[in-house]
Amino acid sequence: MEEQAIKYYQTGTFTVGNRLLAEGERSVQAGIHRTNSLNSGHRACQGCGEALGARYAIDAAMRATNNQLICVNATGCLEVFSTPYPETSWQVPWIHSLFGNAAAVASGVAAAQRALGRDDVRVIAQGGDGGTTDIGFGCLSGMFERNDDVLYICYDNEAYMNTGVQRSSATPPTARTATTPAMGPSPGNVFGTGKNVPLIAMAHRIPYVATASVANLRDLERKVTHAMALRGARYLHIFVPCPLGWGAASEDTIRIARLAVECGLFPLFEAHHGKVTARTPIRRQVPVTEYLKLQKRFAHLFGKQPDEARIAQIQQMADQNIADYGLLEDSLSLGRGLGRG
Ligand SMILES: Cc1ncc(C[n+]2csc(CCOP(=O)(O)OP(=O)(O)O)c2C)c(N)n1
Ligand code: SF4
């Protein structure tokens, strides 16, 4: 039989490629031993990025820890849609904390394992951006500062979705939410400085900080696997579109997440002990309008008279990220970038 060279893209897929890879390199979801940590039957909306991100993240963590994992979950959509009493979709020991104290509860669970002499049982805390960047922020900073042996995962859908789409400190400028209506001279969320929790986590110089996206699930699995191989405080910030809150089509979740990366608004990077050590380059930068136009929360920017000034400000944010992290191929070769080690 004639020999055929394997093409690169085949190994990047979730189907045929996995059979061509060595077993340890196959994606967690494609393996027959996947744990279905967040099982079918939950009540997330169709196309929910948070459900997808959580499923991939926790399955990867279960594989990395040989299923010796405990999850702590802040109040929010992920908790509500997965555990309507008396049901649960979780196939992992799972505790519901309060809205704002998931990091502190996880620190306690890790301390209990230490007291029991169980260094094989690992702990993950997870919550939405409201539970992480707003109300849970103090507990999270304390967990970082003590270097507790916990991976904290923030599923960032850029608002308080569970209670009806209120603004959080992760809501982007100009976005319409229930508390930032699209009316008045400056409709939608005001321009502020934004709260960049990955950078704040890095400032604590914890062992590992990374951003990930449901646009790149293999990368997400790899980052979770790497995080679970390390000890101490770790932070993973995952971009998870919310069709309901963003006014987007449920089939566009991955497309929107990909555009957020490709326009520069959501940079993918990793940092160890406060220094950026890797980032995913952008092959083809797209204008932010391609990303914004798919979401009704930004529709007021594109009325009869497009709000050119504020669109330009958002483009400036994306360009700044690209410059700061050195995301374009040519800037990579020049060796520029943010705090790189
Ligand atoms: C102390 C406290 N304040 C308010 C609430 C109500 N509450 C529950 S979930 C939630 C919003 C969750 O938003 P986020 O953390 O962003 O997660 P998402 O639902 O978007 O995934 C709020 C305000 C609460 N449970 N406890
Ligand atoms: S409101 Fe958004 S985050 Fe909540 S379940 Fe629906 S899509 Fe997911």
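The values are calculated or read from the model by the stated rules, or taken from the named source; none is laboratory data. Every value quoted in this text rests on a predicted model; they were computed, and no experiment measured them. Cβ placement follows ideal geometry from the backbone for every residue including glycine, while neighbour counts extend to all protein chains displayed. What goes into the accessible areas is simple: the full protein's heavy atoms, side chains included, and nothing from ligands, DNA or RNA. Shrake-Rupley method; radii C 1.70, N 1.55, O 1.52, S 1.80 Å.
Under a 5 Å amide H cut-off, with hydrogens placed 1.01 Å from N, Val286 pairs with Cys263 among residues at least 5 apart or on other chains. Does the chain classify as rounded, prolate or oblate by the C-alpha gyration tensor (a ≥ b ≥ c root eigenvalues; a/c under 1.5 gives rounded; else a/b over b/c gives prolate, otherwise oblate)? It is rounded, given that a/c, with a ≥ b ≥ c, falls under 1.5.
Positive contributions from Lys and Arg (+1) and negative ones from Asp and Glu (-1), summed over other residues with Cβ under 11 Å from the Cβ of Ile238, come out at -3. Placing unit charges on the Cβ atoms of the charged side chains and taking the dipole of the stretch 198-329 about its Cα centre, the candidate lying farthest along the positive direction among Phe239, Cys263, Thr225 is Thr225. Over the chain, Cα pairs under 8 Å with separation of 6+ residues give a relative contact order of 14 percent.
For the chain, a simple Cβ point-charge model (Lys and Arg +1, Asp and Glu -1, everything else neutral) yields a dipole of about 160 debye relative to the Cα centre. Selection among Gly53, Ala5, Leu116 by position relative to the dipole of the chain gives Leu116 as farthest towards the positive end (Cβ unit charges, Cα centre). In the neighborhood of Tyr85, defined by Cβ-to-Cβ distances under 15 Å, what is the net charge if each Lys or Arg adds +1 and each Asp or Glu adds -1? Once positives and negatives cancel, what remains is -1. Can you pull the percent of the stretch 183-238's accessible area that's carbon plus sulfur, 1.4 Å probe, other chains left in place? On the stretch 183-238, the fraction of accessible area on carbon and sulfur atoms equals 61 percent. Maximal additional length on extending the Asn67-Glu251 stretch stands at 63.1 nm, based on 0.36 nm per residue less the C-alpha distance. Taking amide H as placed 1.01 Å from N in the peptide plane, the amide H of Gly128 sits under 5 Å from that of Tyr155, each at least 5 places away or on another chain. Annotation: per residue accessible area for the stretch 207-267 equals 27 Å², rounded to a whole number [probe 1.4 Å, protein chains only]. Under the simplified labelling scheme, the His96-Ala112 pair shows an inter-label distance of 1.7 nm, with each label point 7 Å from Cα along Cα→Cβ. All other residues whose Cβ lies under 13 angstrom from that of Asp219 are scored, Lys and Arg at +1 and Asp and Glu at -1, for a net of +3. Would you mind finding the longest exposed-site-free stretch of the chain, with exposed GluC sites (Glu not before Pro) meaning DSSP loop and at most 11 other Cβ atoms within 10 Å? Answer from the scan: 88-341. Based on protein heavy atoms only, the stretch 58-107 ends up with 40 Å² per residue of surface accessible to a 1.4 Å probe.
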